[in-house]
Amino acid sequence: MLKIGDFSRLSRISVRMLRHYDEIGLLKPAVTDELTGYRYYREDQLFVTGRITSLKDMGFSLTDIIRILDLNDDNDAIDTYLIEKQKELMQTSDLVKYRLKLIDHARNQMKEGITMNYDITVKTIPERYAATVQMVIPRYEDEGMLWNMLAECRKPLIPADPCLSAAQFLDKEYKEENVEVLIWMTVKGTYEDTEHVHFRTLPAVKVASCILKGDYSRMGEATAAVASWIHDNGYESDGPMFDIYHVGPAQTTDPDEYVTEVCFPVK
């Protein structure tokens, strides 16, 4: 048996933290002296502390670690926890990469004194026949779910010439979750609806728009530029905005080559 100080030294976990583990039921001493309150641990409990430290290093909370240890080496159940944590960390990694890119962009703008100028034009997008998918999705970032549904359409689609692909955001306000999005792609011919893909003729629409070249980090700037121009030039918004992806992830793996048209229906 090891006194708590000796166990702390061998496990490389502080005495304070060992006491906390005891309080929350994560790691109980083998014996606690009723008179003195001294805690004693068995040598084989060092293996448990090794697992706890390893799981903490993976990013698991103490609450999750208690649940995992309670699984008693049920490898399938433990693997489920590991898979979910892996997905969570991948999402976090993507977010960190995106934020680092925004910081690089901001620093470059400051160094070079760059001021983005957006050329706003008013035009009419003619009537068009399109494959559409409309659905409530968890977040705006999950738009790819809809494009995957379109790509999995049972009958091969013949793109129109030119082929326009767009996403329209139908909610009247910005929402953090459960957002309604309509995507559409212009196609040739006629098709029967499937479970998720519906074919329809979209009406002509007059829009104020601007072209954004490069990744989506400046999408907020471009949107603000068009909205401000509409206000300053006596137009009114006439429906939900949409983005036309002239060049996007379907055409290139290089975000710097993206070409997006930000469109606001106007009257």
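The values are calculated or read from the model by the stated rules, or taken from the named source; none is laboratory data. On a predicted model such as this, the values are computed, not experimentally measured, just so you know. Here Cβ is always computed from backbone atoms with ideal geometry, including for glycine, and neighbour counts include all displayed protein chains. Protein only, heavy atoms only, side chains kept; ligands, DNA and RNA dropped before computing areas. Shrake-Rupley method; radii C 1.70, N 1.55, O 1.52, S 1.80 Å.
Which order do VAL262, VAL48 take when ranked by solvent-accessible area (1.4 Å probe, heavy atoms of all protein chains), largest first? List each step's numbers first, then the result.
Details: VAL262 0, VAL48 50 Å².
Ranking VAL262, VAL48 by accessible area, largest first, yields VAL48, VAL262.
Can you send over the carbon and sulfur percentage of the accessible area for the chain, probe radius 1.4 Å, protein chains only?
Details: 8680 of 17000 Å².
C and S fraction of accessible area: 51 percent.
How large is the accessible surface of ARG39 in square angstrom, using a 1.4 angstrom probe and rounding to the nearest 10?
For ARG39, solvent-accessible area is about 50 Å².
Just to be sure I understand, if you calculate Rg/Rh (Cα atoms, Kirkwood Rh) for this structure, which of (1) 0.97; (2) 1.19; (3) 1.03 do you get?
The listed entry that was calculated here is (2).
If you take the square roots of the eigenvalues of the alpha-carbon gyration tensor of segment 1-41 and sort them as a ≥ b ≥ c, do you get rounded (a/c under 1.5), prolate (a/b over b/c) or oblate? Can you show the working numbers first?
On the way: a/c = 1.81, a/b = 1.16, b/c = 1.56.
Verdict is oblate for segment 1-41.
Over the chain, what is the relative contact order in whole percent, taking alpha-carbon pairs under 8 Å and six or more residues apart? Show your work: numbers first, answer last.
Working: 371 pairs, mean separation 41.1, N = 267.
It comes to 15 percent, rounded to a whole number.
Treating cross-link reach as a plain straight distance, find the aspartates and glutamates whose alpha-carbon is under 18 Å from the alpha-carbon of LYS56, omitting any fewer than eight places away in the same chain.
Qualifying aspartates and glutamates at Cα under 18 Å: ASP22, GLU23, ASP64, ASP70, ASP73, ASP79, GLU84, GLU88.
Using a cut-off of 22 Å between alpha-carbon atoms, which lysines can reach LYS3, once sequence neighbours fewer than 8 places away in the same chain are excluded?
Output for LYS3: LYS28.
Cross-link list LYS87/LYS155; LYS87/LYS172; LYS175/LYS267; LYS123/LYS155; LYS172/LYS267: which exceed 23 angstrom alpha carbon to alpha carbon? Walk me through the numbers before you get to the answer.
Details: LYS87/LYS155 32 Å; LYS87/LYS172 32 Å; LYS175/LYS267 25 Å; LYS123/LYS155 33 Å; LYS172/LYS267 18 Å.
Those over the limit are LYS87/LYS155; LYS87/LYS172; LYS175/LYS267; LYS123/LYS155.
Averaged per residue, what accessible area in Å² does the chain show with a 1.4 Å probe, protein chains only?
Numbers: 17000 Å² over 267 residues.
Per-residue value: 64 Å².
If we sort 207-213, 187-193 on the protection proxy, mean other Cβ atoms within 10 Å, highest first, what's the order?
Numbers: 207-213: 20.0, 187-193: 12.1.
In descending order of packing, they fall as 207-213, 187-193.
In whole Å, largest first, what are the principal axis extents of the Cα atoms in segment 108-267?
51, 35, 34
To the nearest 0.05, what FRET efficiency results for THR92 and TYR129 with a Förster distance of 45 Å applied to their C-beta separation? Each step should come with its number before you reach the end.
Working: r = 41 Å, r/R0 = 0.92.
Plugging the Cβ-Cβ distance into 1/(1 + (r/R0)^6) gives 0.60.
Return the Rg/Rh ratio of segment 223-267 with Cα-based radii and a Kirkwood Rh. Don't jump to the answer; show the numbers that get you there.
Numbers: Rg = 13.2 Å, Rh = 11.8 Å.
Rg divided by Rh gives 1.11.
ARG200 to TYR174: FRET efficiency via 1/(1 + (r/R0)^6), r the Cβ-Cβ distance, R0 25 Å, to the nearest 0.05? Provide the component values of the computation, followed by the final result.
Working: r = 27 Å, r/R0 = 1.07.
The computed FRET efficiency comes out at 0.40.
Give me the accessible area of TRP147, 1.4 Å probe, in Å² rounded to the nearest 10.
60 Å²
Give the Cα extents of segment 35-76 along the principal axes, in whole Å, largest first.
Per principal axis, max minus min of the Cα coordinates gives 41, 19, 15 Å.
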